[in-house]
Amino acid sequence: MVQLPADRVRSAANRLKRAQGQLAGVVRMLEEGRDCEEVVTQLAAVSRALDRAGFAIVASGLKECLSQEGGADSLDTQKMEKLFLSLS
């Protein structure tokens, strides 16, 4: 099991908290009856923020796997591919 460095965990958590705030804003916009285009634009921004956080987590995990004993030889490429594809 790979543990991410504390600074990477903090960074990912901050990204996710910002996305959480953005999503709360989208919910408020819906409840207030805001313009559909504005809501969709903000929802797309939330989606991109979540994608970026996910990719950062996977990339950090990959870097940690490569730097540990065994390096690339111990990397389960099918598992990593599945993780990347789950974000697309």
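The values are calculated or read from the model by the stated rules, or taken from the named source; none is laboratory data. What you see is a predicted model, and the numbers here were worked out from it, not measured in a lab. Virtual Cβ from ideal backbone geometry, glycine too; neighbours counted across all protein chains shown. Ligands, DNA and RNA are excluded from the accessible area calculation, which covers all protein heavy atoms including side chains. Shrake-Rupley method; radii C 1.70, N 1.55, O 1.52, S 1.80 Å.
Annotations
- For the residues 10, 15, 28, the requirement of being assigned to a helix (DSSP H, G or I), open to solvent by 70 Å² or more (accessible area, probe 1.4 Å) and in contact (Cβ under 8 Å) with a residue 40 or more places away in the chain singles out 15.
- Number of residues in segment 35-64 that are touching a residue at least 40 places away in the same chain (Cβ under 8 Å) and under 19 Å from residue 22 (Cα atoms) equals 2.
- Test: residue in segment 1-24 that is under 30 Å from residue 67 (Cα atoms) and in contact with a Gly (Cβ under 7 Å, 6 or more places away or on another chain): yes
- Meets criteria (within 21 Å of residue 88 (Cα to Cα), at pLDDT below 90, open to solvent by less than 70 Å² (accessible area, probe 1.4 Å) and aliphatic (A, V, I, L, M)) for residue 53: yes
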